[in-house]
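Enquirer: Structure provided below as structure tokens; questions to follow.
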Amino acid sequence: MLALCLMDDTHCIPYRSTGYFSKLICDYLDQKPELQHLYHRFPSLENFEDQIEEKSGFERANRELLQRQLQQQYQGFEITEALQNNLENLANSKTFTITTGHQLNLFTGPLYFFYKIVSVINLCKRLKQQYPDYDFVPVYWMATEDHDFAEINHINRDGGRLVWDREASGPVGRLKTDSLAPVLDRLEELSGPGTRTKHLLKILRTAYLQQANLAQATRYLVHHFFAHEGLVIVDGDDVELKKVMIPYFEKDLLENLSSAAVKTTTDWLSDNYFEQVHARDINLFYIKEGLRERIESDGKVWQVLNTDIRWNRSELLEELQNHPERFSPNVILRPLYQEVILPNLAYIGGGGELAYWLQLKTLFNKVAVPFPMLILRNSALLYTNRQEQKLSKLGLEIQDLFQPLHQIKGKLAAETAPVNPALEPYQSKLQKMFDELEEVAHLTDKSMLGAVNAQRQKQLNGLDKLRKKLIRAEKRKHSDTMQRLEDLYLQLFPGGGLQERHDNFIQYYEEYGEAWLEKLMQSLNPLDFRFTLIRQK
């Protein structure tokens, strides 16, 4: 049975039953006792009270710095009343943030980007209801310093990929976007003449062709959709914000702070689950325009890989003091950067993100920075009334699709066959017959038992082969039905994977406009730790 989430057309199923989430994440959501040493507090409404109390010691100077730098980052943007209130409130000791982060994917990338942001906004609203004396600000941390361009330069569209094809190196947030004009032209060709499409294309052209770089383009696009909800967008590629991290960066460069702190936890995860990310001796990159390379050291000399840049100890410390913006945290240190500069209570991320956060609690303990609550972002499957009706004619429900296609086909073939292809009655009869033969052999000549059991297995194997042939024959008999099932399955699970990891929001905006986003806001509950099924018209 499905459990009701928020609305009549929104239902939920356990993450574990979907088959798409790791044992580590499912065990975390089940609050298995053996994982409790990996996190501080499990995210429940009640536990936020203690988290607020602990984070109340956040330094006022850091609040004021954050507020000042955000005002600079938003220069040239139209500030909504909700956003202005949140920016002003950040200086107040009774204001806290809920944060998510993501790469600067082309046109926002996969659908789950929106699910992340809706999750932080909805959680802030729920916390305000529960703790009205405090304010809660939703934050999107842009991964502007990432340098893996191949991960972000495309979206899936009309059965293919729309790709931003250019040479790129260094932090992606600094990339100029003027070369995206042909990509936008191609998107327009694929999209058709609809009013919603024209409106969206205008927004995208303004974002990507009239902003200074990819960071500003992403800010513009996300700001357009969520500024009225007060979403605050943070760019960590900021010299003043980096200055706060100088002491932590120095410890990592000179004392291998991160790797030493997380080693025990990482070893435990590797033995019991898996290691999500590997902590290096130094977990910092060095960045300049067109450059982001790792820093390594032999204890006497520090060098930037694949360059001629190197320093001795005093030169390194001088560079760090004069140019902290040139030091970029990797996946191990970036969470610490976030928690040092934000009055943050919780981080909302995907399963992979939470897996590496679970490696980091000992690091936070070592530097005496409160560890945030870790919340799995909402996941969702969007489907239409018509798709549901088609499945119903096949005798299936949406939740039946959370298994491999061949298994669904086999189950459907078995249910429609004139006899049960499992052949269980015949298997039982066969077992009973050989049980009787065993008794005869036992009384006659015990040495015959091996021959009897060998023959038993041979016949059972033959029966299993026959079962598989019957199922294949039933599938062929109902080839039209199987094709309809496959078409529906691939619409909802493109490529056999989760829709949210494949589809881009554009096709849903073209169909439903802003109502699509409103439906997400109504349907996604970040503290209901189940997979959400959302029926659309």
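The values are calculated or read from the model by the stated rules, or taken from the named source; none is laboratory data. Everything quoted here is computed from the prediction, not taken from an experiment. As a convention, Cβ positions derive from the backbone with ideal geometry for all residues, glycine included, and neighbour counts pool all protein chains shown. The accessibility values were calculated without ligands, DNA or RNA, using every heavy atom of the protein model including side chains. Shrake-Rupley method; radii C 1.70, N 1.55, O 1.52, S 1.80 Å.
Enquirer: If you consider only alpha-carbon coordinates, what radius of gyration and Dmax does the range 96-149 have, in Å?
Expert: 13.3, 43
Enquirer: Still on this structure, please answer the following. Hey, what angle do you get for helix 313-322 against the long axis of the chain, alpha-carbon based, 0 to 90 degrees rounded to 10?
Expert: Roughly 80 degrees between the two axes.
Enquirer: Rounded, prolate or oblate: which one fits the range 315-441, using the alpha carbon gyration tensor with axes a ≥ b ≥ c (rounded when a/c is under 1.5, else prolate when a/b beats b/c, else oblate)?
Expert: prolate
Enquirer: Given R₀ = 35 Å, FRET efficiency for residue 483-residue 463 by Cβ-Cβ distance, to 0.05?
Expert: So the FRET efficiency works out to roughly 0.75.
Enquirer: Can you give the accessible area per residue of the range 322-412, in Å², using a 1.4 Å probe?
Expert: Accessible surface, normalised per residue, equals 29 Å².
Enquirer: Ok, one more. Expressed in nm to one decimal, what extension gain is obtained for the pair residue 78 and residue 501 from 0.36 nm per residue of sequence separation less their Cα-Cα distance?
Expert: Full extension of this stretch gives 149.2 nm more.
Enquirer: May I ask which residue of 130, 413, 37 lies farthest towards the positive end of the charge dipole of the chain, with charges of +1 (Lys, Arg) and -1 (Asp, Glu) on Cβ and the Cα centre as origin?
Expert: Positive-most Cα among the choices belongs to 413.
Enquirer: Charges on Cβ only, +1 for Lys and Arg, -1 for Asp and Glu, centred on the Cα centroid of the chain; of 341, 74, 144, which one is farthest towards the dipole's positive end?
Expert: Result: 144.
Enquirer: Something else now. When Rg/Rh (Cα atoms, Kirkwood Rh) is calculated directly from the model, which label among [x] 0.98; [y] 1.06; [z] 0.95 fits?
Expert: Read-out taken from this structure: [y].
Enquirer: Hey, could you pull the Cα Rg and Dmax for the range 367-514, both in Å?
Expert: When restricted to the Cα atoms of the range 367-514, Rg and Dmax are 24.8, 81 Å.
Enquirer: Per residue, how many Å² of accessible area does the range 64-210 show with a 1.4 Å probe?
Expert: 43 Å²
Enquirer: Next up: Helix 181-191: angle to the longest alpha-carbon principal axis of the chain, degrees 0 to 90, nearest 10?
Expert: For helix 181-191, the angle is close to 40 degrees.
Enquirer: Between residue 61 and residue 178, what is the label-to-label distance in nm when each label sits 7 Å out along the Cα-to-Cβ direction?
Expert: Once both label points are built, they end up 4.2 nm from each other.
Enquirer: Percent of alpha carbon pairs in the range 428-475 separated by more than 16 Å?
Expert: Counting pairs separated by more than 16 Å, the tail of P(r) holds 46 percent.
Enquirer: Just to confirm the number: angle between the C-alpha axis of helix 514-523 and the first principal axis of the chain, 0 to 90 degrees, nearest 10?
Expert: 70 degrees
Enquirer: In addition: Can you give the % of DSSP beta bridges in the chain that are antiparallel, to the nearest 5? Walk me through the numbers on the way to the answer.
Expert: Details: 24 of 49 bridges.
Counting DSSP beta bridges with both partners in the chain, the antiparallel share is about 50 percent.
Enquirer: Using only Cα atoms, locate the centre of the range 184-252 and the centre of the range 459-537, then give the distance between them in Å, rounded to an integer.
Expert: Result: 31 Å between the Cα centres.
Enquirer: Using the Cα centre of the chain as origin and beta-carbon charges of +1 (Lys, Arg) and -1 (Asp, Glu), tell me which of 191, 273, 83 is placed farthest towards the positive end of the dipole.
Expert: Toward the positive end, the furthest listed residue is 191.
Enquirer: Hey, another quick one. How big is the range 191-324 by the Kirkwood estimate over distinct Cα pairs, in Å?
Expert: By the Kirkwood definition, the hydrodynamic radius is 18.6 Å.
Enquirer: Once you order the gyration tensor axes a ≥ b ≥ c over the Cα atoms, which shape class does the range 234-285 get: rounded for a/c under 1.5, otherwise prolate or oblate by comparing a/b with b/c?
Expert: The shape class here is prolate.
Enquirer: For the range 4-87, which whole-number percentage of the solvent-accessible area (1.4 Å probe, protein heavy atoms only) is attributable to carbon and sulfur atoms?
Expert: Working: 1940 of 4400 Å².
The nonpolar share, carbon plus sulfur, comes to 44 percent.
Enquirer: Round to a whole number: what % of the accessible area of the range 286-428 belongs to carbon and sulfur, probe 1.4 Å? Numbers along the way, then the final one.
Expert: Values: 2670 of 5880 Å².
After summing per-atom areas, the C and S share lands at 45 percent.
Enquirer: For a quick check: with amide H placed at 1.01 Å from N, whose amide H comes under 5 Å from residue 536's, ignoring anything fewer than 5 positions away on the same chain?
Expert: 383, 384, 385
Enquirer: How much FRET efficiency would the formula 1/(1 + (r/R0)^6) give for residue 30 and residue 389, where r is the Cβ-Cβ distance and R0 is 35 Å, rounded to 0.05?
Expert: Computed FRET efficiency for residue 30 and residue 389: 0.50.
Enquirer: Could I ask something else about it? Answer rounded, prolate or oblate for the range 147-225, using the Cα gyration tensor with square roots of eigenvalues a ≥ b ≥ c: rounded when a/c is under 1.5, else prolate when a/b is larger than b/c, else oblate.
Expert: Oblate.
Enquirer: Over what distance in Å are the Cα centres of the range 34-84 and the range 277-311 separated?
Expert: With the range 34-84 and the range 277-311 each reduced to a Cα centre, they are spaced 30 Å.
Enquirer: For the range 10-115, what is the convex hull (Cα atoms) projected area averaged across all directions, in square nanometres? Let's see the in-between values first.
Expert: Values: hull surface 41.5 nm².
Mean orientational projected area (the range 10-115, Cα hull): 10.4 nm².
Enquirer: Go ahead and estimate [θ] at 222 nm for the chain from helices alone: -39,500 (n - 2.57) per DSSP H run with n ≥ 4, summed, over the residue count, rounded to 500.
Expert: Estimated from H runs of four or more residues: -15000 deg cm²/dmol.
Enquirer: Along the Cα-to-C-beta direction of residue 88, a point sits 7 Å from the Cα; which residues of the range 36-75 have their amide N less than 19 Å from that point?
Expert: Under cut-off, by backbone N: 63-75.
Enquirer: Of all the accessible heavy-atom surface of the range 124-216, with the other protein chains kept in place and a 1.4 Å probe, what percent is carbon and sulfur?
Expert: 45 percent
Enquirer: Something else about it: With 23 Å as the limit, write out which pairs from 409/519; 243/288; 390/468 have Cα-Cα distances beyond it, or answer none.
Expert: 409/519; 390/468
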